[in-house]
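The next block holds one structure in the form of structure tokens; read it before the comments.
The values are calculated or read from the model by the stated rules, or taken from the named source; none is laboratory data. What you are looking at is a predicted structure, and each value in this text was computed from that prediction instead of being measured. Ideal geometry is used to build each Cβ from the backbone, glycine not excepted, and the neighbour counts take in all protein chains shown. Just so you know, the surface numbers come from the protein's heavy atoms only, side chains and all, with ligands and any DNA or RNA stripped out. Shrake-Rupley method; radii C 1.70, N 1.55, O 1.52, S 1.80 Å.
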Amino acid sequence: MKKLLLVLILLVTAGSLFAADLKVTGDAFVRGTYLSNTAFAATAKQETMQYDYDFNIYAALVASEKATVFTKFTFDRTLAAGSGQIANG
């Protein structure tokens, strides 16, 4: 995360020094899933949790009509925990 902030600061500084146009866009995706079969389990309780997220930041530094620098920064992670697998069916 520190590297991302450092690169963004450098892009903003370079854009201001060379009178370039800096365009920053991005997207994010976050999802969580929790499955439990405690109501149907005869002996053991089984639970499964999974969370994943994906953050993307796109930056374009336009110095002139023929000179543009495109960058993409991404941060992905999947977290999973549980006491067992739950089979679909």
Check your understanding: If you take the residues of segment 4-50 that are of a type in the set (A, V, I, L, M, F, W, C) and at pLDDT 85 or above, which of them is surrounded by the most Cβ atoms within 10 Å (Cβ to Cβ)?
Key -> Val24
Review point. Quick one: what pairs do we get from segment 51-79, first residue touching a residue at least 60 places away in the same chain (Cβ under 8 Å) and open to solvent by less than 70 Å² (accessible area, probe 1.4 Å), second part of a strand (DSSP E or B) and aliphatic (A, V, I, L, M), C-beta under 8 Å, 6+ apart or different chains?
Key: Thr71/Ala59; Thr71/Ala60; Thr71/Leu61; Phe73/Ile57; Phe73/Ala59
